[in-house]
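Undergrad: One structure follows; several queries about it will come next.
The values are calculated or read from the model by the stated rules, or taken from the named source; none is laboratory data. Note that the structure is a prediction, hence the values are computed from the model and not measured. Note: ideal-geometry Cβ built from the backbone for every residue, glycine included; neighbour counts use all protein chains shown.
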Amino acid sequence: MSQLLVDIILLLLKIVIITHVLLGAVAYTVWLERKVIGRMQNRWGPTRVGPFGLLQPIADGLKFIVKEDMLPPGVNKPLFVAAPLIAVALALTSLAVIPFGETITLFGRVIPLQIAGFWDKTAGAIYDPGVGLLIILGATSIGVYGIALSGWSSNSKYSLLGSLRASAQMISYELSLGLALVGVIMMAQTLSLRGIVGQQAGGIGHWNFFGGGWQILGFFIYMIAAYAETNRIPFDLPEAETELVAGYHTEYSAMKFAMFFMAEYANMFTAASVATLLFFGGWHAPHPALEFGAPGTIPFALGQVFWFAAKIFVFIFVYIWVRGTLPRFRYDQLMAFGWKVLLPLAILNVVVTAAVVAVRMAH
Amino acid sequence: MVHQILFFIFAAVCVAGAINLLLQRHPIHSALSLIVVMGSLAVLYLLLGAPFLALIQVIVYAGAIMVLFVFTIMLLNAGEEERSHGSRVALVLGTPAAAAVVGIIVYILVKGSPVDIQIGKFVGDTSSVALMLFREFLLPFEVTSVLILIAIMGAVVLARREH
């Protein structure tokens with residue numbers, strides 16, 4: 001078999017497996033969220049379907065499929081149907097460039113643990129997109145259209161207000177989000193996600209959040225902006241129930257509604273992945289002694305996936321924790337905070353990091 | 001070979017999007033066509049070996065700027081446009097202007113580019129773009145940023161005058 005054919009088959013396999021793993025994780029994140037929030041509010045959360053309510057996501061999925069898919073009168077049909085597709089498609093696009101480990105050797109073939117990663121046999125290295133981080137930012141910025149168009153095409157005032165809020169909020173916080181990452185990019189001198197993670201090898205002291213770059217300010221700005229980008233509490237104004245019924249997805253039902261749900265949770269996973277890759281050493285263990293097996297073996301590769309997944313889990317848990325803790329911002333507070341606090345802090349972080357990098361290069 | 005096929009597909013999508021932009025009567029459909037044009041232009045940049053430029057095109061133009069367009073159209077709740085018979089001025093001035101643009105493009109294409117740029121043969125990564133911007137074209141780059149700063153200040157002054 002020619003190398004091209006093998007690469008294409010591997011690519012398709014990786015797409016199928018990784019997409020299913022992510023969507024499964026999304027379904028169980030919803031379960032986890034209901035369970036954890038329930039405990040925080042002194043109640044049980046789902047308990048009826050299966051042990052600990054573990055089959056609840058499957059019941060919910062079935063419900064989404066068999067419910068009537070309603071098309072309200074007066075909607076702009078093509079855009080109304082396209083909007084949830086845009087939202088979920090672009091949320092899943094980011095997944096293609098996220099690396100979650102180095103390589104795994106199966107049946108004598110070296111397979112990079114990343115959808116858009118290919119093994120270059122002659123060079124003996126992984127070929128991955130050199131602008132991986134920008135691809136994620138690009139997919140995020142196009143993803144706004146899913147929300148903007150859903151509100152406009154619904155022909156409903158609540159939906160329109162929700163999507164107007166969402167667009168304004170996402171444009172405002174995208175700036176701080178991008179600038180917060182510039183510090184790490186300047187330190188790493190690359191936009192390749194693999195490149196950035198590769199420089200954080202060797203334990204917790206080399207992670208960009210700690211000794212690797214002290215990007216503590218950058219991390220917190222990124223995390224706050226990411227909460228706003230994914231429309232999560234305390235920045236969930238686009239779907240503020242008390243004011244807007246359900247915001248931009250008020251008029252959606254059945255699977256179309258589920259798509260917005262999937263998109264939101266997939267975006268949470270992307271945000272958590274970027275935080276892990278850029279600030280917390282990606283798939284590297286907190287200490288070299290905690291890596292599994294010898295480099296190149298299958299346990300080693302699975303160990304890297306474990307550490308990556310563990311870090312993602314922590315971020316997802318914090319998402320849920322924050323939802324159970326903080327009240328929603330008022331709209332003017334949200335805008336003032338984004339432009340007057342977060343953006344200047346992000347610029348300050350860029351300037352200080354640039355100065356440090358320049359001094360380091362001069363010596 | 002793959003590059004050429006992709007080039008023709010996305011060039012066709014780009015032109016079709018641009019024509020659709022003019023033909024659609026609803027502002028939001030026109031704006032969406034423009035996003036398609038921006039997106040396919042980004043793919044053409046990618047094929048020319050400029051991934052950084054392609055992604056900036058997507059983030060800045062297809063993302064940020066077009067979101068503002070769509071946002072404004074939604075906020076104004078602009079309805080369908082009336083189809084007019086066209087103005088005489090557009091006919092008198094527009095036809096020669098369009099002919100001139102087409103003439104210049106044809107002339108450049110026939111004459112050939114001074115730089116040998118072929119699809120799939122050129123690699124322009126992020127650092128080479130940065131080196132060009134901050135060494136060879138530093139003055140134009142800084143002048144442009146001052147220009148944008150003046151535009152921002154102008155916008156602030158205009159927005160504040162009511163108070």
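Undergrad: Could you tell me whether A:ILE86 is in contact (Cβ under 8 Å) with a residue 24 or more places away in the chain, more than 28 Å from A:GLY195 (Cα to Cα) and either more than 14 Å from the chain's Cα centre (by Cα) or not in a loop (DSSP other than H, G, I, E, B) (or both)?
TA: yes
Undergrad: Yes or no: region A:185-197 includes at least one residue that is out of contact with any strand residue (DSSP E or B) (no Cβ under 6 Å at 6 or more places or on another chain), within 14 Å of chain B (Cβ to nearest Cβ) and within 22 Å of A:ALA89 (Cβ to Cβ).
TA: yes
Undergrad: Can you say whether A:SER159 is within 25 Å of A:PRO99 (Cα to Cα), in contact with a Gly (Cβ under 7 Å, 6 or more places away or on another chain) and in a helix (DSSP H, G or I), as far as the supplied structure shows?
TA: no
Undergrad: Applying the selection to region B:44-69, what residues are more than 12 Å from every other protein chain (Cβ to nearest Cβ) and either without any contact (Cβ under 8 Å) to a residue 40 or more places away in the chain or in contact with a strand residue (DSSP E or B) (Cβ under 6 Å, 6 or more places away or on another chain) (or both)?
TA: If the condition is that a residue be more than 12 Å from every other protein chain (Cβ to nearest Cβ) and either without any contact (Cβ under 8 Å) to a residue 40 or more places away in the chain or in contact with a strand residue (DSSP E or B) (Cβ under 6 Å, 6 or more places away or on another chain) (or both), then B:LEU44 is the only one that fits.
Undergrad: Let me ask something additional. Could you tell me whether region A:251-260 includes any residue that is aromatic (Phe, Trp, Tyr) and in a loop (DSSP other than H, G, I, E, B)?
TA: yes
Undergrad: Here is a follow-up. Would you mind stating whether B:VAL101 is surrounded by fewer than 16 Cβ atoms within 10 Å (Cβ to Cβ), modelled with pLDDT of 80 or more, more than 24 Å from A:TYR248 (Cβ to Cβ) and within 13 Å of chain A (Cβ to nearest Cβ)?
TA: no
Undergrad: Within region A:155-169, can you find the residues that are more than 7 Å from chain B (Cβ to nearest Cβ) and without any contact (Cβ under 8 Å) to a residue 40 or more places away in the chain?
TA: Listed by number, the list holds a single entry, A:LYS157.
Undergrad: Among the residues of region A:285-343, which ones are surrounded by 18 or more Cβ atoms within 10 Å (Cβ to Cβ), closer than 30 Å to A:GLU239 by Cβ and without any contact (Cβ under 8 Å) to a residue 24 or more places away in the chain?
TA: The one that is surrounded by 18 or more Cβ atoms within 10 Å (Cβ to Cβ), closer than 30 Å to A:GLU239 by Cβ and without any contact (Cβ under 8 Å) to a residue 24 or more places away in the chain: A:PHE337.
Undergrad: Read through the list (1) within 14 Å of chain A (Cβ to nearest Cβ); (2) surrounded by 14 or more Cβ atoms within 10 Å (Cβ to Cβ), then give the number of the only condition that B:LEU75 fails.
TA: It fails just one condition, (2).
Undergrad: Right, something else. Within region A:116-136, is there a residue that is under 17 Å from the mean Cα position of the chain (by Cα), surrounded by fewer than 22 Cβ atoms within 10 Å (Cβ to Cβ), under 30 Å from A:LYS256 (Cα atoms) and touching a residue at least 12 places away in the same chain (Cβ under 8 Å)?
TA: yes
Undergrad: Right, another one. Would you confirm whether any residue within region B:2-17 is within 12 Å of chain A (Cβ to nearest Cβ) and assigned to a helix (DSSP H, G or I)?
TA: Yes, region B:2-17 contains a residue that is within 12 Å of chain A (Cβ to nearest Cβ) and assigned to a helix (DSSP H, G or I).
Undergrad: Name the residues in region A:20-44 that are touching a residue at least 12 places away in the same chain (Cβ under 8 Å) and not hydrophobic (A, V, I, L, M, F, W, C), would you?
TA: A:TYR28, A:THR29, A:GLU33, A:ARG34, A:LYS35, A:GLN41 - these are the residues of region A:20-44 that are touching a residue at least 12 places away in the same chain (Cβ under 8 Å) and not hydrophobic (A, V, I, L, M, F, W, C).
Undergrad: Look through region A:210-258, keep the residues that are small (Gly, Ala, Ser) and more than 19 Å from the chain's Cα centre (by Cα), and return whichever of them is surrounded by the fewest Cβ atoms within 10 Å (Cβ to Cβ).
TA: Per the stated criteria, the residue is A:GLY211.
Undergrad: Being part of a loop (DSSP other than H, G, I, E, B) and more than 21 Å from A:GLY132 (Cα to Cα) is true for just one of A:ILE233, A:ILE224. Which residue is that?
TA: Matching residue, one of A:ILE233, A:ILE224: A:ILE233.
Undergrad: So which residues in region A:99-154 are assigned to a loop (DSSP other than H, G, I, E, B), within 14 Å of chain B (Cβ to nearest Cβ) and polar (S, T, N, Q)?
TA: A:SER154, the sole residue that qualifies.
For (1) surrounded by 12 or more Cβ atoms within 10 Å (Cβ to Cβ); (2) in a helix (DSSP H, G or I), each residue gets a yes or a no:
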residue	(1), (2)
A:ILE15	yes, yes
A:VAL26	yes, yes
A:GLU33	yes, yes
A:VAL36	yes, yes
A:GLY45	yes, no
A:ILE58	yes, yes
A:GLY61	yes, yes
A:ILE65	no, yes
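Undergrad: B:ARG83 versus (1) away from chain A (no Cβ under 11 Å); (2) over 16 Å from the mean Cα position of the chain (by Cα); (3) buried (at least 16 other Cβ atoms within 10 Å of the Cβ): which is the lone unmet condition?
TA: Status for B:ARG83: all satisfied but (3).
Undergrad: Take the residues in region B:104-120 that are at pLDDT below 80 and either among the small types (Gly, Ala, Ser) or assigned to a helix (DSSP H, G or I) (or both); name whichever of them is surrounded by the most Cβ atoms within 10 Å (Cβ to Cβ).
TA: B:GLY120
Undergrad: Test A:MET70 against the stated conditions and say whether it is in contact with a helix residue (DSSP H, G or I) (Cβ under 6 Å, 6 or more places away or on another chain) and either more than 14 Å from chain B (Cβ to nearest Cβ) or among the small types (Gly, Ala, Ser) (or both).
TA: Judged against the criteria, A:MET70 is not a match.
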